[in-house]
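Structure, as structure tokens:
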Amino acid sequence: MTAQTTANCPTFLDLKAFSLDLPAGGSDDPLGRGARILPVRAGDCEVFVSSVAAGEGLHREERGDTWVMVLEGGLRFLSADGEIDLVEGESLVIARGAQIGWRASVPVKLVGMRYLAAPDGDAGVYRIDNGAPLAPSNPPGDDVLLGEKPSCRSGNQFTSADAVFKCGVWDSTPYRRLPIHFHHSELMHLLAGSVTFTDASGRTASFGKGDTFIIEKGADCSWDSREYVAKVYAYYRP
């Protein structure tokens, strides 16, 4: 299934909005044919939402490295290394070649980003820990900052074999910057704070804690955060 968008230029998209009309009963193949592929400009990645039926199933990831997050409800994944329980806002990565089972007591909604060009690597399942320690990371450049330089930290927890697709957690003190061109595409789920974006068409939107959205490849977007922000990210950067 494919959803529609009216955006004429690369921009930011609210991914939760695409999940509102998912079938209530869920799919028995939520990571495969039951997923709704979204019309998102994300380079060699596809972005999807899906609804998981109450029950259990098995999935072998053959199409790429796939980041998956729970939008609503709770889900238990079963891998060769044990069980992983996820609730809303928690995520994992299923690398190409890995097999994973799932079990749900009620229907669940998911969002995901799959790097289709991922080369073969370690065929494992990797939980993204929202509370993992973070290390200092580079702030935006002085040429785009509008005000004080922020203090940024990040903790990458999954990297594809070619280092193009990465997933982890990032945080920052408040800052504002001019629009930059996104040669990459980045999906974000806010764990704390809020941020306002403006794209090349002048369209503006604000996202806050609990929101899930993506900046499309090719977008030109500003950033304006007036408070501490923390996020889970999955990005494609060729």
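List of remarks:
- Candidate values (1) 47, 39, 31; (2) 51, 38, 30; (3) 98, 62, 36, label of the one derived for Cα extents along the principal axes in Å: (2)
- Spin-label model, D81 to I37: label points 7 Å out along the Cα-to-beta-carbon direction sit 2.9 nm apart.
- Electrostatic bookkeeping for P119 treats Lys and Arg as +1 and Asp and Glu as -1; over the other residues with beta carbon under 15 Å from its beta carbon, the sum is -3.
- Where trypsin sites (Lys or Arg not before Pro) in DSSP loops with at most 16 other Cβ within 10 Å are excluded, longest remaining stretch of the chain: 64-202
- Separation of alpha-carbon centers, the range 16-95 and the range 131-159, rounded to whole Å: 28
- Taking label points 7 Å from Cα along the Cα-to-Cβ direction, D162 and L58 give a separation of 3.0 nm.
- For the chain, accessible area per residue (1.4 Å probe, heavy atoms of protein chains only), Å²: 44
- Where a label projected 7 Å from the Cα of E148 along Cα→Cβ would reach, residues of the range 172-191 with amide N under 20 Å: 172-178
- Apolar share of the accessible surface for the chain: 48 percent from carbon plus sulfur atoms, 1.4 Å probe.
- Report summary: the helix-based calculation at 222 nm, which adds -39500 (n - 2.57) for every DSSP H run with n ≥ 4 and divides by the residues of the chain, gives 0 deg cm²/dmol.
- Mean projected area in nm² (Cα convex hull; one quarter of hull surface) for the range 117-238: 7.8
- Stretch gain in nm, segment C9-S137, where the contour uses 0.36 nm per residue and the Cα spacing is subtracted: 43.1 nm
- Of K209/K231; K109/K166; K149/K209, pairs whose Cα-Cα distance is over 20 Å: K109/K166; K149/K209
- Candidates per GluC sites (Glu not before Pro) in the range 24-86, loop by DSSP, up to 16 other Cβ within 10 Å: E62
- For a label point 7 Å along the Cα-to-beta-carbon line of L178, residues of the range 128-151 with backbone N under 19 Å: 139-150
- Dipole check for the chain: with +1 at the C-beta of Lys and Arg, -1 at the C-beta of Asp and Glu, and the Cα centre as origin, the magnitude is about 280 Debye.
- For I128, residues with placed amide H under 5 Å, excluding near neighbours: S91, L92, V93
The values are calculated or read from the model by the stated rules, or taken from the named source; none is laboratory data. For clarity, every value in this text was computed on a predicted model and none was experimentally measured. Note: ideal-geometry Cβ built from the backbone for every residue, glycine included; neighbour counts use all protein chains shown. Side chains are part of the model used for accessible areas, which takes the heavy atoms of the whole protein and leaves out ligands, DNA and RNA. Shrake-Rupley method; radii C 1.70, N 1.55, O 1.52, S 1.80 Å.
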